[in-house]
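Data block below; observations after.
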Amino acid sequence: MTDPGRCALCGSSERTVLYAGPIRTGRFGEVTSDPRTVWRCLSCGAGRLYGEAIDYETDEYRDLVDGGGTAEDYHRLHDAEQAGKLGQLGTDALRGKVVMDVGCGAGSFLDLARGLCETTIGIEPSSSLRAAAEAKGHLTFDFCGNVPREWRGRVDLAVCFSVVEHVNDPLALLREIGALLRPGGELLLSTPNRDDFLLELLPAEYGSFFYRRVHLWYFDAASLAGLLVRAGLRDPVITHQHRFDLSNAALWLRDKCPTGVGKFKAPAGADDVFRALLQSSGRSDYLYGRCRRGE
Ligand SMILES: [Zn+2]
């Protein structure tokens, strides 16, 4: 077991085991042959998986994340999510603005936002995905730290979907994003929710699917809000979203495997009530955090 040392976010050495067991390496059912430990910091609450080597710039990494590394794979897997993200944001936030998507992949979100924005900037370490976004007319860079100085303090709105759990140093990433925001500029980010109710109901079966090699960090609402404040951002508001339906939850409990949505037809209105209950009680599968740079 790798010695976890001090928490990279808050410096505390007080921790407890959040999960111990095999973790996912790729698709459902592909897990590590040996057990791994995910730790929870007792001070800031962040969950951390140590000892995984990460190289975000390679196609192999995209394979681990998505099961495919091409722009076509990215669009096939992620285009359908983008309307929901825009819904979280509201289109009134975009008109005439400089918008930056950190971890933009092949540019699915920026493609949707571009009609309203003045400038779309994509940050993407994978050279093949970055080239695909660039070819569609988005301004692209590999890392936030490599964005030219002329853009510092000029971004009106940054989005960062399903990225913070992948990086070695989320605090450094958020500080870099903060430096690119204009005073008062906003950040909307998202990450899986460690308080997902299925983790409590199926700790072993769902745990070995939820915890995965490419996710180094695991947040709940409180630890995500704390991270944003620690990075110097202001007024964090955390909201819950449940992306899957009652059918997926019921079949997880019956068959111990994911099915995606709509495999059986729930009674009319049941999905809306199911999602609303999970979201209002903080037990959804996904979190959004919205915050801003100080004036
Ligand atoms: Zn900590």
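Every number in this text was worked out from the coordinates using simple rules, so none of it is lab data. Keep in mind the model is a prediction, meaning the values are calculated, not measured. Counting neighbours? That spans all protein chains shown, and the Cβs are built from the backbone with ideal geometry, glycine included.
Between 87, 185, 69, the residue with the greatest mean-square fluctuation in the GNM of the chain (Cα pairs under 10 Å linked by springs) is 87.
Measuring nothing but alpha carbons in segment 149-191 and taking Rh as the Kirkwood radius, the Rg to Rh ratio lands at 0.98. In a Gaussian network model over the chain where Cα atoms closer than 10 Å are linked, find which of 120, 37, 91 has the largest mean-square fluctuation. In the Gaussian network model the winner is 91. When the square roots of the Cα gyration tensor eigenvalues are ordered a ≥ b ≥ c, the ratio a/c for segment 203-287 is 1.5 or more and a/b does not exceed b/c, which makes its shape oblate. A cut-off of 5 Å between modelled amide H atoms, ignoring neighbours fewer than 5 places along the same chain, links residue 193 with 286, 287. For a straight C-alpha distance cut-off of 17 angstrom, the aspartates and glutamates reachable from residue 256 (same-chain residues fewer than eight places away being disregarded) are 30, 196, 200, 205, 245, 285. Loop-located GluC sites (Glu not before Pro) across segment 55-158 with a Cβ neighbour count of 13 or fewer within 10 Å are 118, with loop assigned by DSSP.
Applying the Kirkwood pairwise sum to the alpha-carbon positions of segment 61-128 produces a hydrodynamic radius of 12.5 angstrom.
Taking amide hydrogens as placed 1.01 Å from N in the peptide plane, the amide H of residue 36 sits under 5 Å from those of 21, 23, each at least 5 positions away in sequence or on another chain.
Each Cα pair under 8 Å and six or more residues apart adds its separation to the average, and for the chain the resulting relative contact order is 18 percent.
Each Cα pair under 8 Å and six or more residues apart adds its separation to the average, and for segment 1-152 the resulting relative contact order is 15 percent.
For residue 163, nonlocal amide neighbours, meaning residues 5 or more places apart or on other chains whose placed amide H falls under 5 Å from its own, are 190.
Counting neighbouring beta carbons within 10 Å and listing from fewest to most, the residues 242, 138, 166 come out as 166, 242, 138.
Backbone phi angles across segment 289-295, fed through the Karplus curve with coefficients 6.51, -1.76 and 1.60 (θ = phi - 60°), yield HN-Hα couplings of x, 10, 7, 9, 7, x, 6 Hz in residue order; Gly and Pro are listed as x.
Within the chain, the cysteines lacking any other cysteine Cβ closer than 4.7 Å to their own Cβ are 104, 117, 144, 160, 257, 291.
Per-residue ellipticity at 222 nm computed for the chain from its helices equals -8500 deg cm²/dmol, with DSSP H segments shorter than 4 residues left out and the rest contributing -39,500 (n - 2.57). The slack in the chain from residue 16 to residue 80, taken as 0.36 nm per residue of separation less the alpha-carbon distance, amounts to 19.3 nm.
Projected over every direction and averaged, the convex hull enclosing the alpha-carbon atoms of the chain yields 15.2 nm². Listed by chain and number, the lysines whose alpha-carbon sits under 29 Å from that of residue 136, ignoring those within fewer than 8 places in the same chain, are 85, 97. Whole-Hz Karplus values for segment 255-261 come out as 10, 6, 8, x, 10, x, 8 Hz, taken residue by residue from phi with 6.51 cos²θ - 1.76 cosθ + 1.60 and θ = phi - 60°; glycine and proline positions read x.
Is segment 1-102 rounded, prolate or oblate when judged by the Cα gyration tensor, a ≥ b ≥ c being the square roots of its eigenvalues, rounded requiring a/c under 1.5 and prolate requiring a/b larger than b/c? Verdict is oblate for segment 1-102.
Which residue, 135, 46, 71, has the most motion in a Gaussian network model of the chain that connects Cα atoms within less than 10 Å? So, out of 135, 46, 71, the one fluctuating most is 135.
Couplings for segment 166-183, taken from phi via the Karplus curve 6.51 cos²θ - 1.76 cosθ + 1.60 with θ = phi - 60°, read 8, 8, 4, 10, x, 5, 5, 4, 5, 5, 5, 5, x, 5, 7, 5, 6, x Hz in order; Gly and Pro are left as x. Remark: the chain carries a charge dipole of roughly 660 debye about the Cα centre, counting +1 on each Lys and Arg Cβ and -1 on each Asp and Glu Cβ.
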